[in-house]
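Here the structure comes first, spelled out in structure tokens, and everything after it is commentary.
The values are calculated or read from the model by the stated rules, or taken from the named source; none is laboratory data. Please read these numbers as outputs of a predicted model, since none were measured by experiment. Here the Cβ is made from the backbone with ideal geometry for all residues, glycine too, and neighbour counts use every protein chain on show.
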Amino acid sequence: MAFPDFANVVIVGAGIHGLSSAWRLAEIAHEKGKQVDGQIVVLDKSGIGSGASGIACGVIRNNYYQPAMRELMAHSVNVWESDPEAFSYHGVGYLQISCEAMRADVSKIFEEQRNIGYESDFIEGENACTSYMRGFFGDWQAKGITSILHEKRGGYSNNTRALYGLAKKAEDLGVRIITGVEVKGFESNNSTGAVAAVETDRGKINCDQVIIAAGPWVRDFWTMLDLPEKISIKTDEGDLRDNIDMWRFWQLEEGLLSINPDQLLTNDGKIPPVLHVDTDAPLFSDADGSLITDKLWGIYYKPDWHFNGIQGGSAPYKVETPVSEVQIDPYGPSSPEFVSGPEFAHMWVSALAHCHSRFQNHIKYYNREPSGGIGCFTADSFPVFDSFRENAYVIADSNHGWKMLGVGRLVAEEITGKSQSLLEPFRFSRFEKGKLHPTSNSPFPWS
Ligand SMILES: Cc1cc2nc3c(=O)[nH]c(=O)nc-3n(C[C@H](O)[C@H](O)[C@H](O)COP(=O)(O)OP(=O)(O)OC[C@H]3O[C@@H](n4cnc5c(N)ncnc54)[C@H](O)[C@@H]3O)c2cc1C
């Protein structure tokens, strides 16, 4: 098939957001009685799932301290639940297991989940938490846990299977996905500044609308759109802080214990909820008994039959390289620089052993193949979903985004004329207006 020279909508990136936007746009066209016939084009310089979506751990939860994030996640969980098979979605639920320092924050999340009708239980007190966890796992042994939020919905999905399920839905409705095409820049309309064409290494595609869903590469597209690398942020106190980097990179630390995933089934042989533990209990090495940390630490994990083992991660670390110099390619496990190292393995497996006696002496089962990858975060670590230059919609999820399957659908609605209140708190203008999201006591930049 010839390379197109025109499309109504060009979407950059065949990850979770690019594909889900394409899917909903095509549905809307059909609802209006129009044929899509390749007029919605998704371009990817590599292939489907070659960015963050293809390496995501796949955890889907609602547990967010920020009301706007929670509402968006509740919407997204509805989409995951709409076709579990196509999205390879496992609605096993999610456990946020926390120490005292986080109890008040998590209790607030529980209250607000009740207000939006998102089903969860909240368990408080050390003894009650221990017995709740021992109801799942007889060998639970973490000390100092004083609250558990048990979300009954959410869970995880298998990354590449879900992406191919999504791609099929879009292609069945006439979307054209073209891989191996690199977007190099944009041609502007001289009078309005709107994007008139997308320039690629295979030629130019004139278009009416662009959606940029480029994951960690958003930094480069921001530059292509002539948007500011440094921004001003109005604080809660009303002061203006200038010269703040719009983007920053964090390394997501994830890995795999190569054992039979069945070893983390519950006492009654079921798949457990995804587990997330945040605690300030001292963490000791399971290899030599030395102290790893006595500060707040966190891990998450799940048995996973797609990765074939116990898969999970810990808190990310900030990449200190100046933003403009960070080498994003080669990405993920292929990166020579940004992969999870032995320190992560030591900490994460020791933390698993801190929680369950079954994982003691398990460091030898840690899978040494490269894993993890970088994410591009905004200045306040929350997403920006907004339109620039009239017709260039940027989906910058600040690395929150595998779980946000519903965002592309909302973006498609906005582009076709229906403004979405769920996206409103994520406009770029929030920085200068000081309409920032509240921050929590979690050790993770995304909670
Ligand atoms: C290790 C890791 C684990 C994670 N785990 C979770 C999790 O458990 N739960 C969760 O909710 N989130 C998780 N995330 C975050 C989540 O993966 C991302 O937020 C989300 O996948 C981003 O999706 P995207 O569609 O915006 O971008 P991506 O999936 O990164 O897709 C962007 C695409 O754009 C393409 N592209 C880039 N530049 C160009 C160009 N110039 N021309 C053409 N194409 C281009 C790339 O090839 C890529 O395929 C994780 C992230 C990482 C790194």
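Filter segment 1-49 for residues that are under 23 Å from the mean Cα position of the chain (by Cα), of a type in the set (Gly, Ala, Ser) and surrounded by 20 or more Cβ atoms within 10 Å (Cβ to Cβ); which is farthest from the ligand (Cβ to nearest atom)? Restricting to residues being under 23 Å from the mean Cα position of the chain (by Cα), of a type in the set (Gly, Ala, Ser) and surrounded by 20 or more Cβ atoms within 10 Å (Cβ to Cβ), the top hit is Ala22. Evaluation of Ala197 against the conditions (1) within 16 Å of the ligand (Cβ to nearest atom); (2) touching a helix residue (DSSP H, G or I) at 6+ places or on another chain (Cβ under 9 Å); (3) without any contact (Cβ under 8 Å) to a residue 24 or more places away in the chain; (4) of a type outside the set (S, T, N, Q) shows that the sole unmet condition is (2). Being closer than 16 Å to Phe359 by Cβ, assigned to a strand (DSSP E or B) and in contact (Cβ under 8 Å) with a residue 12 or more places away in the chain, is that true of even one residue in segment 236-255? Yes. Pick from Cys376, Cys355: which is within 13 Å of the ligand (Cβ to nearest atom) and buried (at least 20 other Cβ atoms within 10 Å of the Cβ)? Unique residue meeting the criteria: Cys376. Close Cβ contacts (under 7 Å, 6 or more residues apart or on different chains) running from residues in segment 56-73 that are more than 15 Å from Asp105 (Cα to Cα) and among the acidic types (Asp, Glu) to residues that are at pLDDT 95 or above and more than 11 Å from the ligand (Cβ to nearest atom) comprise Glu71/Leu422. Restricted to segment 298-322, and to residues there that are within 18 Å of Pro342 (Cβ to Cβ) and small (Gly, Ala, Ser), the residue that is surrounded by the most Cβ atoms within 10 Å (Cβ to Cβ) is Gly312. With respect to the conditions (1) assigned to a loop (DSSP other than H, G, I, E, B); (2) of a type in the set (Gly, Ala, Ser); (3) more than 21 Å from Tyr331 (Cβ to Cβ), Ala101 falls short on a single one, namely (1). Of the residues making up segment 358-373, those that are surrounded by fewer than 23 Cβ atoms within 10 Å (Cβ to Cβ) and closer than 26 Å to Gln141 by Cβ are Arg358, Gln360, Asn361, His362, Ile363, Lys364, Tyr365, Tyr366, Asn367. Please tell me if Pro438 is more than 16 Å from the ligand (Cβ to nearest atom), closer than 12 Å to Met69 by Cα, not acidic (Asp, Glu) and not in a loop (DSSP other than H, G, I, E, B). So Pro438 does not fit the description; no. Restricting segment 205-224 to residues that are surrounded by fewer than 17 Cβ atoms within 10 Å (Cβ to Cβ) and not in a helix (DSSP H, G or I) leaves a set whose member that is nearest to the ligand (Cβ to nearest atom) is Asn206. Determine whether segment 62-80 contains at least one residue that is assigned to a loop (DSSP other than H, G, I, E, B), more than 22 Å from Glu413 (Cβ to Cβ), within 7 Å of the ligand (Cβ to nearest atom) and not β-branched (Val, Ile, Thr). No, segment 62-80 contains no residue that is assigned to a loop (DSSP other than H, G, I, E, B), more than 22 Å from Glu413 (Cβ to Cβ), within 7 Å of the ligand (Cβ to nearest atom) and not β-branched (Val, Ile, Thr). Could you go through segment 107-122 and let me know if any residue there is within 22 Å of Gly312 (Cα to Cα), among the β-branched types (Val, Ile, Thr) and under 22 Å from the mean Cα position of the chain (by Cα). For segment 107-122, residues within 22 Å of Gly312 (Cα to Cα), among the β-branched types (Val, Ile, Thr) and under 22 Å from the mean Cα position of the chain (by Cα): absent.
Of the strands (runs of 3 or more DSSP E) contained entirely in segment 278-354, those carrying at least 3 residues that are in contact (Cβ under 8 Å) with a residue 12 or more places away in the chain, out of contact with any Phe, Trp or Tyr (no Cβ under 8 Å at 6 or more places or on another chain) and outside the structural domain of Asn63 (by TED's automatic domain parsing) fall at 297-304. Residues that are outside any helix (DSSP H, G or I) and free of Cβ contacts under 8 Å to residues at least 40 places away in the same chain were ranked within segment 395-422; the one that is farthest from the chain's Cα centre (by Cα) is Gly417. In segment 258-275 there is at least one residue that is in a strand (DSSP E or B) and under 23 Å from Cys99 (Cβ atoms). Can you name the residue in segment 379-403 that is among the charged types (D, E, K, R) and out of contact with any Ser or Thr (no Cβ under 7 Å at 6 or more places or on another chain) and is also surrounded by the fewest Cβ atoms within 10 Å (Cβ to Cβ) among such residues? My answer is Asp380.
So which residues in segment 240-256 are within 30 Å of Gly138 (Cβ to Cβ) and either among the charged types (D, E, K, R) or away from the ligand (no atom under 16 Å from the Cβ) (or both), if there are any at all? Hits for segment 240-256 are Glu253, Glu254.
Scanning segment 1-29 for residues that are under 22 Å from Lys403 (Cα atoms) and assigned to a strand (DSSP E or B) gives Ile11, Val12.
If you go through segment 172-194 and keep only what is away from the ligand (no atom under 13 Å from the Cβ), more than 21 Å from Arg24 (Cα to Cα) and not charged (D, E, K, R), you end up with Ser188, Asn189, Asn190, Ser191, Thr192, Gly193, Ala194.
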